[in-house]
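Structure, as structure tokens:
The values are calculated or read from the model by the stated rules, or taken from the named source; none is laboratory data. Just so we're clear, the structure is a prediction, and the values are computed from it rather than from any experiment. When we count neighbours, we look across all protein chains shown, and the Cβ atoms used for this are built from the backbone with ideal geometry, even at glycine. Side chains are part of the model used for accessible areas, which takes the heavy atoms of the whole protein and leaves out ligands, DNA and RNA. Shrake-Rupley method; radii C 1.70, N 1.55, O 1.52, S 1.80 Å.
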Amino acid sequence: MFAKPYRLKSNKTLKNSEKKCLTQRIQSEFPVATDEKVKELVPSKSATSCMKVVLHSGDTVSVYVVDGVPVMIDMGDRLVPTVCALWKVPELVPTIRIHTPVLSKMQGGAPLYAPGVVTEGCFPQFRCGAVVAACTSDNAAAGVVGQAMMSSADLVRAPMGVCLETLHVYGDQLCKEEKFSKIDRPKLGPASYDNTADNIAFDFNQLTIQPIREEWPSLVKEPKPAPVANVPVIIPDEPKVEPDVTPKPIPETQPDENELIDELNESVTTDCSESEDQVPADMDGLLRWCLLSFLKTQAKHIELPLKTNLLYKNHLMPFCPTDRTLEVKKSSYKKMGKFLEAMQREEGDAREYVPPQIRELYCITANVLDLFAPLRKGTALAAADVRQALVQHVAQRGLAQARGSVQLDQLLAAVTGRQPQELMKWEELTTCVLGRMTPSTEMRFADGTVKLTKSRLEPIKMQVATRSGNKKVTLVSNLESFGFSLRPLAHACQLLAGASCGITRSAASRTDQLMLQGDQTHLVAKLLIEKYGLPKKFVEGADKALNKKK
């Protein structure tokens, strides 16, 4: 997160009540955090502040600072301890060992690959998605904090691919913040796993590993095996931890348990062999399998856009089994570009984004209430309904005159502010009545919900700006006011324009906006107006954009 420079948004000193809430949250999210350990992280008489920073990706996170040292990173849904916090309380999260040269590679924001982890001897237990720390073989002080991309069981069984996505690493921009005290990694001696901790398993030879459920479904549907009679089905998420270091001998009077262990060991071997057989044998299937594996485990944590050669070399090839070779030239696609285009067309059967339907309405006010009786004040009407009510009123009272004029009666005169018996053109009368009503905007969503905003919304604005290198980008703002969801809309724009599209926010704006590569005002206006049915009046410069050649 902090590999690239970030922007400080605010810095607020916490009150005692806010500091208490922070300590309670630490205790609730970290079960091993006792009162004494929490006091080491957040002393009662410490100067604690909360920094809100905008990352290079555009996301906003909070960093809790205690006496000039960053302690916790608030991701919104969870707290992530900094390396400084783990130097004080190392047992907050499971800690794995990595080879010493790997740390310097990760300081640039690179993820941790499984071959860089030291798995000999003891090993901590953790689930996929858990917060995990990493120290080096020569120093037990934590150097990396990240999110596990695979469980400890999978890491031990099949050490391949990305196993840890880097969130914070010693030496990144957060550690270099001038507001903090000088942060130096202590020397805590060679790293070794603590056998007395609750989250540590013993030697792998003493582990009883049961069949492990795949964390995401296989690409090949396999028939379900028939249940084994008199054998309980045990499918734990992690390796089972034995309570004692010395394995207890199995009494000879329990032959059923011996048979159960043999059967489970055979099932583990069978499960591993089946997972290998599930990898497609042909090159096209293998290429697709590696891409889906990457999308399932890493895509959400990779900064886009990504070059095709980097995708192929750094993210697809690591998923290829060790006994196979991934070569796109030996597939029917021949090139990565054609393969990705085929995958994009295959994605077309997914459900398409349905935007809200926008209508401009007018709410009845006290000035025109008598004209629309028996409707109540605040009722929203379309412009056509207002005109229909006027036509009915004029027809019932015989107020129509020659040349498209209307003779005002007492009610119409009161509504328009004119004198009775005065003549008015139909267009002028309709405009005058609409002017006495409250302009509103109705948004009808795909799920049937309706939102009525009793005000005239500012139109959607499209602006072409120039970035570094004299590159043009198109900024589209005020979309959320009309109920548009930016993520699926950005995906639709990306597919239509064939260029990268992301979500960003300018320094002076309070809302997000879309940023497309190049001058894409024509395509954006065409998408919003012609495909999604947004009225032209809600898009600033719509006619000019639509008439513009692509």
Checklist entry - Filter segment 504-528 for residues that are more than 18 Å from Pro355 (Cβ to Cβ) and β-branched (Val, Ile, Thr); which is most open to solvent (accessible area, probe 1.4 Å)? => result Thr504
Checklist entry - Before we move on, is Gly378 at pLDDT below 90 and not acidic (Asp, Glu)? => result no
Checklist entry - Among the residues of segment 67-77, is any within 23 Å of the chain's Cα centre (by Cα), buried (at least 19 other Cβ atoms within 10 Å of the Cβ) and within 28 Å of Met149 (Cβ to Cβ)? => result yes
Item to check | Candidate set from segment 403-442 (those that are polar (S, T, N, Q) and open to solvent by 70 Å² or more (accessible area, probe 1.4 Å)); member that is nearest to Tyr362 (Cα to Cα) | outcome: Thr431
Item to check | Residue within segment 443-456 that is open to solvent by less than 70 Å² (accessible area, probe 1.4 Å), closer than 16 Å to Ile529 by Cα and under 21 Å from the mean Cα position of the chain (by Cα) present | outcome: no
Checklist entry - In the set Arg376, Arg324, Arg359, which member is open to solvent by 60 Å² or more (accessible area, probe 1.4 Å), farther than 30 Å from Met443 by Cα and basic (Lys, Arg)? => result Arg324
Item to check | Failed criterion for Thr431 (all others in (1) among the β-branched types (Val, Ile, Thr); (2) over 39 Å from the mean Cα position of the chain (by Cα); (3) assigned to a strand (DSSP E or B) hold) | outcome: (3)
Checklist entry - Being among the hydroxyl-bearing types (Ser, Thr, Tyr), surrounded by fewer than 17 Cβ atoms within 10 Å (Cβ to Cβ) and touching a residue at least 12 places away in the same chain (Cβ under 8 Å), is that true of even one residue in segment 161-179? => result no
Item to check | Where Lys461 falls short, out of the listed (1) open to solvent by less than 70 Å² (accessible area, probe 1.4 Å); (2) of a type outside the set (Val, Ile, Thr); (3) closer than 15 Å to Phe484 by Cα; (4) modelled with pLDDT of 90 or more | outcome: (1)
Next on the checklist: For segment 12-43, which positions are among the small types (Gly, Ala, Ser) and open to solvent by 70 Å² or more (accessible area, probe 1.4 Å)?
Outcome noted: Ser17, Ser28
Item to check | Where a residue in segment 529-549 is under 17 Å from Pro488 (Cα atoms) and open to solvent by less than 100 Å² (accessible area, probe 1.4 Å) and its partner, wherever it lies, is of a type in the set (D, E, K, R) and part of a helix (DSSP H, G or I), with Cβ under 8 Å and at least six apart | outcome: Ile529/Lys536
Checklist entry - Is it true that Ser57 is small (Gly, Ala, Ser), modelled with pLDDT under 90, under 26 Å from Ile302 (Cβ atoms) and within 25 Å of the chain's Cα centre (by Cα)? => result yes
Checklist entry - Within the group Asp138, Asp194, Asp172, which residue is under 21 Å from Val83 (Cα atoms), more than 34 Å from the chain's Cα centre (by Cα) and at pLDDT 85 or above? => result Asp138
Item to check | Scan of segment 83-112 for residues that are surrounded by fewer than 20 Cβ atoms within 10 Å (Cβ to Cβ) and touching a helix residue (DSSP H, G or I) at 6+ places or on another chain (Cβ under 7 Å), ordered by number | outcome: Lys88, His99
Checklist entry - Restricting the search to segment 118-149, which residues are over 21 Å from Met1 (Cα atoms) and aliphatic (A, V, I, L, M)? => result Val118, Ala140
Checklist entry - Would you call Ala382 open to solvent by 60 Å² or more (accessible area, probe 1.4 Å) and small (Gly, Ala, Ser)? => result no
Checklist entry - Which pairs have Cβ atoms under 8 Å, sit 6 or more apart or on different chains, and link a residue in segment 421-446 that is without any contact (Cβ under 8 Å) to a residue 60 or more places away in the chain to one that is small (Gly, Ala, Ser) and open to solvent by less than 40 Å² (accessible area, probe 1.4 Å)? => result Glu422/Ala413; Leu423/Ser405; Met424/Ser405; Lys425/Gly404; Lys425/Ser405; Trp426/Gly404; Trp426/Ser405
